[in-house]
Amino acid sequence: MEVDDILNERVGNELGAAMSEHDNDPEFNAESTPEFTPEFTPEFTPEFTPEFSEEIGALLADPTLWDLPGDDLGDRIVNAISLESVNAPETYAALAGPSGRRSWVRPALLGAAAAISFLFGGLVLLSGLSGVEDIDSFSAKLVPTGLIGDQSGDITVTSFDSGLRIELDAASLPRRDNGSFYAGWLKTVDGDLFPVGTFHDGVDVTLWAGVELERVELFTITLEAAAGPDDPGQQSSGEVVLRTEINP
């Protein structure tokens, strides 16, 4: 029961008891009761019993009365509504009370539960129809060519709408600095060569390519050195150290 319900009930009981005392008082003369006019407003202050005052004081002193709702309040409300709808009878009798103000509570809760369920189902349906892309992925071992020793590594190629993400792990590759580096390349079934990025070593490397996965047949890593914009060295050096077939 809510605090305001407790207060209303107890105040009503106390007022009723006070009025009963006046009714049973032989010295109380109803005819002598002053007439209620705008110029006269009687003052009446009910005297509450000590037990009632202590109970109200205890309620107000309870720290849980002033706690803010937790983050899971919404979930708890939905669960409570769901349990109420499962256990609800087929007919809904009005709850006790002179005003009957709670007769609408259970149907309203059931309506809210139905609305929440409908909304959740709609969101699931929309997410399913929103064109979520199917993700294709390919993983393979990198094969050394023997150019710089017996190196090794792995790649995972994942297809997105934006292109191919190539995750490379080839920790055995020696680091290259001072204008020297490694470069990754994708070769398509049409013979086109796509540069996918450069890196100093092969630890946790992520490369990207704007090409469709089904068109790719080969991935290679080459030894490269910095070159000017018009230098033929801007193209692949052809010095392949690791390679693997894709979609073999």
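In summary, strands (runs of 3 or more DSSP E) completely within segment 161-248 and bearing 3 or more residues that are in the same structural domain as ASP150 (by TED's automatic domain parsing) and among the small types (Gly, Ala, Ser) occur at 180-188. Of all the listed residues (LEU173, LEU186), the sole one being within 24 Å of ALA226 (Cβ to Cβ), in contact with a Gly (Cβ under 7 Å, 6 or more places away or on another chain), crowded, with 16+ Cβ neighbours inside 10 Å and not aromatic (Phe, Trp, Tyr) is LEU173.
Only residues that are at pLDDT below 55 and touching a strand residue (DSSP E or B) at 6+ places or on another chain (Cβ under 8 Å): list them for segment 130-144, please.
GLU133 - this is the single residue of segment 130-144 that is at pLDDT below 55 and touching a strand residue (DSSP E or B) at 6+ places or on another chain (Cβ under 8 Å).
Residues that are among the β-branched types (Val, Ile, Thr) and over 24 Å from GLY228 (Cα atoms) within segment 189-210 comprise VAL189, VAL203, VAL205, THR206, listed in sequence order.
The values are calculated or read from the model by the stated rules, or taken from the named source; none is laboratory data. On a predicted model such as this, the values are computed, not experimentally measured, just so you know. When we count neighbours, we look across all protein chains shown, and the Cβ atoms used for this are built from the backbone with ideal geometry, even at glycine.
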